[in-house]
1. Test L299 against the stated conditions and say whether it is touching a residue at least 40 places away in the same chain (Cβ under 8 Å), under 16 Å from W339 (Cα atoms) and in contact with a helix residue (DSSP H, G or I) (Cβ under 6 Å, 6 or more places away or on another chain).
2. If you take just the strands (runs of 3 or more DSSP E) that sit entirely in segment 166-251, which of them hold at least 3 residues that are in contact with a helix residue (DSSP H, G or I) (Cβ under 8 Å, 6 or more places away or on another chain)?
3. Being among the acidic types (D, E) and within 16 Å of the ligand (Cβ to nearest atom) is the requirement here; does D224 meet it?
4. Which pairs have Cβ atoms under 8 Å, sit 6 or more apart or on different chains, and link a residue in segment 55-84 that is under 15 Å from I178 (Cα atoms) to one that is basic (K, R) and more than 8 Å from the ligand (Cβ to nearest atom)?
5. So, in segment 110-132, of the ones that are out of contact with any helix residue (DSSP H, G or I) (no Cβ under 7 Å at 6 or more places or on another chain) and part of a loop (DSSP other than H, G, I, E, B), which residue ends up surrounded by the fewest Cβ atoms within 10 Å (Cβ to Cβ)?
6. Are any residues in segment 46-83 farther than 18 Å from F146 by Cβ, of a type in the set (A, V, I, L, M, F, W, C) and more than 16 Å from the ligand (Cβ to nearest atom), and if so, which ones?
7. Here are the criteria: (1) part of a helix (DSSP H, G or I); (2) within 28 Å of L189 (Cα to Cα). Tell me which single one Q301 does not satisfy.
8. Kindly list, by first and then second residue, each pair from a residue in segment 32-47 that is among the hydroxyl-bearing types (S, T, Y) to a residue that is surrounded by 14 or more Cβ atoms within 10 Å (Cβ to Cβ), limited to pairs with Cβ atoms under 6 Å and residues at least 6 apart or on different chains.
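What follows draws every value from the coordinates through simple rules; no lab data is involved. From a predicted model like this one, the values you see are computed outputs, not experimental measurements. So basically every Cβ, Gly included, is an ideal-geometry build from the backbone, and we count neighbours across all protein chains shown.
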Amino acid sequence: MVDLKSQYHKIKAEIDNAVLDVLESSAFINGKQVQEFADALSAYLGIKHVVPCANGTDALQIAMMALGLQPGDEVITPSFTYVATTEVVALLKLTPVFVEVDKQTFCIDANALRNAITPRTKAIVPVHLYGQPANMEAIMQIAEEFDLYVIEDNAQAIGAEYTFSNGVTKKTGTIGTIGTTSFFPSKNLGCYGDGGAIFTDNDELAAKMRMIANHGQSKRYYHDMVGCNSRLDTLQAAILNIKLRELDEYIQARRKAADFYDKAFANHPKIEIPYREKKSLHVFHQYTLILHNADRDGLNQHLTSRNIPSMIYYPVPGHKQKMFHTYNSSSYQLPVTDWLTERVISLPMHTELDDEQLKYIVDSVLDYVH
Ligand SMILES: Cc1ncc(COP(=O)(O)O)c(C=O)c1O
């Protein structure tokens with residue numbers, strides 16, 4: 001689905017030097033590159049604080065811990081997302097509440113969200129799925145009306161933008177109370193291992209999240225609260241420092257590949273191309289089609305037989321995962337989520353796709369669907 005090797009080769013000299021610098025300094029934990037990266041990312045995003053951590057799942061967990069959510073508090077998440085979004089809710093003994101997504105954007109449906117609110121609801125976790133921003137205007141209005149926290153799961157959408165009706169444009173992950181992201185290698189801004197970060201404009205929350213990520217430590221060996229150990233390695237920060245400079249170009253490359261696919265599949269009766277919300281800049285972490293009256297799993301196998309990877313993100317939605325059955329999740333009726341789960345298929349999407357590869361993929365899809 002991605003070609004990390006070709007991408008690395010284009011920036012090899014810089015990356016190799018940065019890695020060698022870290023090896024020479026031997027400051028493997030909390031070396032200066034970690035703060036340099038946090039500063040560069042906060043400038044890029046236009047947010048006051050970036051707290052680096054070990055991965056995108058920890059980022060969500062630390063965010064929820066910092067908000068002081070208590071066992072039994074309800075946290076609303078879409079069911080149509082990667083499991084990590086909801087898993088941390090359960091891990092912290094909070095109560096996950098699954099809601100529908102919008103059929104076009106694949107992101108949380110604002111009406112379903114409103115209908116799911118109860119007196120126990122404390123937070124909403126919109127996910128900017130596949131790189132398309134959720135409807136943040138509606139979500140922020142609801143959050144304000146019901147006094148709820150918003151944690152944006154931005155793992156798939158770093159660099160994406162959302163424009164409000166008053167004309168203000170913001171990067172996703174900087175709109176809610178807290179934003180989180182993952183630097184998993186295949187992400188739009190990926191490192192060469194695991195990594196993550198948390199963003200906020202709130203000084204108090206930022207200080208608390210830094211403490212939580214560092215064993216609840218206020219100063220060395222003085223632990224004020226229960227935390228965890230979640231750090232971004234210096235090596236990963238050094239790599240991310242270089243890759244962050246490329247991020248806008250990476251996004252352009254992904255959008256160009258998406259344009260190629262869009263053009264080839266537009267108006268096909270059996271293929272629905274990804275919707276592009278006019279208020280948003282979609283950064284195409286995934287290029288995901290909806291198939292109508294076509295054998296989706298058959299296409300998946302056909303592409304495999306032609307050496308083209310394709311993926312179903314995700315074959316089982318949250319409310320149907322065994323891990324959530326104790327929350328009575330199997331009783332949920334989420335027809336849009338179920339409908340999408342049976343029809344979506346993601347094609348290769350990365351920064352190194354050339355026209356020849358794209359044409360081969362497109363021809364293979366069209367051959368099968370015809
Ligand atoms: C939407 C979403 N949330 C959270 C995560 C978790 O990130 P990580 O794998 O870095 O823990 C991912 C990554 O796969 C993701 O796609």
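1. On the way: touching a residue at least 40 places away in the same chain (Cβ under 8 Å): yes; under 16 Å from W339 (Cα atoms): no; in contact with a helix residue (DSSP H, G or I) (Cβ under 6 Å, 6 or more places away or on another chain): yes.
It is false that L299 is touching a residue at least 40 places away in the same chain (Cβ under 8 Å), under 16 Å from W339 (Cα atoms) and in contact with a helix residue (DSSP H, G or I) (Cβ under 6 Å, 6 or more places away or on another chain).
2. 178-182, 196-200
3. Values: among the acidic types (D, E): yes; within 16 Å of the ligand (Cβ to nearest atom): no.
For D224, the condition - among the acidic types (D, E) and within 16 Å of the ligand (Cβ to nearest atom) - is not met.
4. Listed by first residue and then by second, the contacts come to A66/K208; L67/K122; L69/K122; V75/K122.
5. P119
6. Pass one, segment 46-83, residues farther than 18 Å from F146 by Cβ: 46-63, 65-66, 71, 79-83.
Adding the requirement that they be of a type in the set (A, V, I, L, M, F, W, C) leaves 47, 50-51, 53-54, 59-60, 62-63, 65-66, 80, 83.
Passing the criteria: I47, A66.
7. Result: Q301 fails condition (2) only.
8. So the pair list comes out as S42/V50.
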